[in-house]
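The values are calculated or read from the model by the stated rules, or taken from the named source; none is laboratory data. Worth saying up front: this structure is predicted, and the values here are computed from it rather than measured. Note: ideal-geometry Cβ built from the backbone for every residue, glycine included; neighbour counts use all protein chains shown. All accessible areas refer to the heavy atoms of the entire protein, side chains included, with ligands and DNA or RNA removed. Shrake-Rupley method; radii C 1.70, N 1.55, O 1.52, S 1.80 Å.
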Amino acid sequence: MSNDESAMQREAVERLAEAGMKLKWAAGHMDRLEAEISRLPSYEIVKSIDPQTGRLGSHPSPPAVPPYLILIACDAVHNVRVALDYLACAFAIANGKTISGVSFPIASSQSKYLEAQCQGKISKLSKTAQDFVHGLKPYQGGCSLLWALHELDRVDKHQKLVQFDEAPWQRRALGFSNSPAIASQTIRDQPRN
């Protein structure tokens, strides 16, 4: 193995280690989030007048999500999303390529995923690494968990703080509702290690 190949291998391993650090950081955020959620009050009973019958009734109402919990969750989401980009870069480096233009592709549909712009993000990866990424089906309608992760990160990073009451599909994607979800799987359905 030449010095250049050895240096590239070391760089790929370093990039993977950095992805692992991001994932550990995200796990710490999730542990903190879980602890904070356990301290929240449970559902409260709210009295209201039914507009159709005019009768006074009561129903359970979940507590509002405090903004600091949204910040913790968004930090965790972002760190996981970044770890995927680091993984794609490690694959490119291991293939002897530069990381310019490389990122982990996640698209709004399978057809968007198959477009040249999205595939260009992994064009520097080996065929084996590309097949690995393809096998994850990183698009809406494929791996719903990756799609939800990407959308939550995109909204938080580029638009505004994620507001669960404004985006019902995000609530469902994160497991805050038992309503039928656009996503075929929810985060709560995923095994936790």
From Ala94, Ala90, Ala76, grab the single residue that is more than 13 Å from Pro138 (Cα to Cα), open to solvent by less than 60 Å² (accessible area, probe 1.4 Å) and in contact (Cβ under 8 Å) with a residue 60 or more places away in the chain.
Ala90
Filtered residues of segment 70-96 (kept if assigned to a loop (DSSP other than H, G, I, E, B) and closer than 14 Å to Gln130 by Cα)
Asn95
With Val102, Val82 as the choices, which residue is touching a residue at least 40 places away in the same chain (Cβ under 8 Å) and closer than 23 Å to Lys157 by Cβ?
Val82
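Quick grid of which residues meet (1) part of a strand (DSSP E or B); (2) over 29 Å from the mean Cα position of the chain (by Cα); (3) under 30 Å from Ser103 (Cβ atoms):
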| site | (1), (2), (3) |
| --- | --- |
| Ala7 | no, yes, yes |
| Ala12 | no, no, yes |
| Met21 | no, no, yes |
| His29 | no, no, yes |
| Val46 | yes, yes, no |
Among (1) free of Cβ contacts under 8 Å to residues at least 12 places away in the same chain; (2) open to solvent by less than 70 Å² (accessible area, probe 1.4 Å); (3) in contact with a helix residue (DSSP H, G or I) (Cβ under 9 Å, 6 or more places away or on another chain); (4) of a type outside the set (Asp, Glu) - the single one Ala35 does not satisfy
(3)
Whichever residue in segment 1-16 is touching a helix residue (DSSP H, G or I) at 6+ places or on another chain (Cβ under 9 Å) and not β-branched (Val, Ile, Thr) and, among such residues, is most open to solvent (accessible area, probe 1.4 Å)
Met1
Hey, any hits in segment 130-142 for a residue that's under 24 Å from Glu14 (Cβ atoms), among the aromatic types (Phe, Trp, Tyr) and touching a Leu at 6+ places or on another chain (Cβ under 9 Å)?
yes
Pro41 passes all but one of the listed conditions (1) open to solvent by 80 Å² or more (accessible area, probe 1.4 Å); (2) touching a helix residue (DSSP H, G or I) at 6+ places or on another chain (Cβ under 7 Å); the exception is number (2)
If we keep only residues of segment 125-141 that are touching a Ser or Thr at 6+ places or on another chain (Cβ under 9 Å) and not in a helix (DSSP H, G or I), then the residue farthest from Lys97 (Cα to Cα) is Gly141
Of all residues in segment 144-160, which are surrounded by fewer than 19 Cβ atoms within 10 Å (Cβ to Cβ) and under 14 Å from Ala107 (Cβ atoms)?
Arg154
